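Engineer: Take this structure first; my questions come after.
The values are calculated or read from the model by the stated rules, or taken from the named source; none is laboratory data. Model, not experiment: these values are computed from the prediction. Positions of Cβ are backbone-derived with ideal geometry, glycine not excepted, and every protein chain shown enters the neighbour counts. Just so you know, the surface numbers come from the protein's heavy atoms only, side chains and all, with ligands and any DNA or RNA stripped out. Shrake-Rupley method; radii C 1.70, N 1.55, O 1.52, S 1.80 Å.
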Amino acid sequence: MADAFILDAVRTPRGRGRAGKGALSGIHPQELLAQALGALAKRGSFSPDDVEDVVVGCVSQVKEQGANLARNTVLTLGWPDTVTGVTLNRFCGSGLQACNFAALGVMSGQQDLVVGGGVESMSRVPMGSDEGMMDGLNLNLRKRLYQVPQGISADLIATLDGLSREELDRFALESQKRAGAAISEGRFKKSLVPVVDSEGKVVLDRDEHPRPETTLEGLAALEPAFVKLGAAAAGPNGETLDALALARYPEAKAIHHVHHAGNSSGIVDGAAAVLFASEAYVKRSGAKPRARVRAVATIGSEPVIMLTAPTPVSERALKKAGMTASDIDLWEINEAFAAVVLNTIRRLKIDPERVNVNGGAIALGHPLGATGAMLLGTALDELERRNKATALVTLCIGGGMGVATVIERV
């Protein structure tokens with residue numbers, strides 16, 4: 001298998017995902033991604049004429065995010081007509097999966113230069129806009145397997161793991177502290193590109209979601225987010241969502257609802273792009289690679305609890321790379337919910353000081369289709385800042401899946 005080198009990575013700031021209130025809510029998602037791609041090109045490591053494909057993750061592919069967003073972004077940007085684009089949906093893992101597909105195209109020997117990335121404008125195309133729920137409204141599937149909302153799954157994980165509300169809140173507070181320190185020290189500046197409006201005026205040049213003033217007392221005052229949802233009748237015989245989850249995990253006895261807006265990922269807008277090149281392209285162009293992809297992996301897991309796959313997918317990726325968890329210098333585990341990260345840390349026996357060292361989606365936000373690509377760039381920047389060698393990026397995914405990527409500096 002040939003090497004896939006990472007030449008560069010950029011991302012936009014994350015803007016609050018509220019219509020008319022977030023700084024990026026006035027930017028069309030094609031334009032938002034186009035600004036990330038354009039910034040990548042301006043940094044001079046490649047010519048757009050050489051790009052063979054643009055692979056983009058996006059979850060809610062309707063309305064402004066429909067109609068093959070990737071190809072339309074290439075056209076919006078004015079890149080050569082020869083540059084193709086494809087848009088994919090692996091739920092929250094879409095951005096990292098797009099990067100992995102881009103890397104695999106290079107590793108297969110069939111492509112020399114591919115861009116992977118993602119975008120989600122949650123202020124303009126809110127989560128759930130595709131109206132398909134988790135199962136695409138397939139009633140036959142629903143009779144056999146009812147996939148409960150992810151918040152119920154996260155609370156189920158916390159219940160089974162014995163994670164208290166205070167433990168989750170302390171993790172959330174640490175995410176805010178780490179993100180605040182990263183922002184104040186300029187750790188994101190290497191990859192962060194400002195977003196401008198149609199007149200060239202900067203509308204956002206820093207992440208908008210973090211709340212550095214967060215306190216443990218403030219988090220403790222927030223109401224659990226999924227109590228009413230868990231009590232809602234949804235099953236074929238009128239079962240509540242909690243009851244449907246407990247039917248699969250009766251050992252839990254009762255679900256303790258411990259997640260809320262402060263210890264779950266934030267709703268935001270954002271885009272990211274990562275450039276992958278073959279060894280032949282590197283030699284031909286004189287570009288200087290920053291890292292290489294050691295391994296990529298996906299895995300499925302039980303779809304009711306849904307969010308526990310970061311552990312087995314990380315193990316699969318590490319096995320492919322001939323590594324163990326202790327060989328990884330830095331981890332980026334998406335903070336979809338606090339319990340997801342704590343569950344993964346425990347099961348893989350990872351040093352928490354190596355995990356999400358610049359905060360995560362609880363503080364920074366989770367622009368669904370873009371997050372994985374953002375995390376890949378964040379991990380690479382931090383490896384360089386700390387002069388470390390290896391990083392693993394992983395995300396939990398709806399429907400019971402996980403995706404992971406192992407990179408190594410060169």
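Engineer: How many residues, within the range 21-68, are among the charged types (D, E, K, R) and within 29 Å of residue 289 (Cβ to Cβ)?
Structural biologist: 6
Engineer: Taking residue 294 as the residue in question, decide whether it is open to solvent by 20 Å² or more (accessible area, probe 1.4 Å) and under 20 Å from the mean Cα position of the chain (by Cα).
Structural biologist: Criteria met by residue 294.
Engineer: Quick one: would you say residue 344 is of a type in the set (Ser, Thr, Tyr) and surrounded by fewer than 24 Cβ atoms within 10 Å (Cβ to Cβ)?
Structural biologist: no
Engineer: Among residues belonging to the range 24-51 that are part of a loop (DSSP other than H, G, I, E, B), hydrophobic (A, V, I, L, M, F, W, C) and more than 19 Å from the chain's Cα centre (by Cα), point out the one that is nearest to residue 87 (Cα to Cα).
Structural biologist: Among those that are part of a loop (DSSP other than H, G, I, E, B), hydrophobic (A, V, I, L, M, F, W, C) and more than 19 Å from the chain's Cα centre (by Cα), it is 51.
Engineer: Can you go through 289, 352 and tell me which one is more than 23 Å from residue 11 (Cβ to Cβ) and either of a type in the set (A, V, I, L, M) or open to solvent by 20 Å² or more (accessible area, probe 1.4 Å) (or both)?
Structural biologist: Of the residues listed, the single one that is more than 23 Å from residue 11 (Cβ to Cβ) and either of a type in the set (A, V, I, L, M) or open to solvent by 20 Å² or more (accessible area, probe 1.4 Å) (or both) is 352.
Engineer: Just to be sure before I move on: is residue 43 among the basic types (Lys, Arg) and surrounded by 16 or more Cβ atoms within 10 Å (Cβ to Cβ) in the structure I sent?
Structural biologist: no
Residue-by-condition table, conditions (1) part of a loop (DSSP other than H, G, I, E, B); (2) touching a helix residue (DSSP H, G or I) at 6+ places or on another chain (Cβ under 6 Å):
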site: 294; (1), (2): no, yes
site: 299; (1), (2): no, yes
site: 307; (1), (2): yes, yes
site: 313; (1), (2): no, no
site: 317; (1), (2): no, no
site: 326; (1), (2): no, no
site: 331; (1), (2): no, yes
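Engineer: Separate question: Restricting the search to the range 136-155, which residues are out of contact with any helix residue (DSSP H, G or I) (no Cβ under 8 Å at 6 or more places or on another chain), open to solvent by less than 50 Å² (accessible area, probe 1.4 Å) and not charged (D, E, K, R)?
Structural biologist: Listed by number, the residues that qualify are 141, 145, 147, 150.
Engineer: May I pose another question? Output the qualifying pairs, or none if there are none: Cβ atoms under 8 angstrom, residues six or more apart or on different chains, first residue in the range 241-267 and among the charged types (D, E, K, R), second residue in a helix (DSSP H, G or I) and modelled with pLDDT of 95 or more.
Structural biologist: Close Cβ pairs satisfying both conditions: 242/152; 242/230; 251/160; 253/246.
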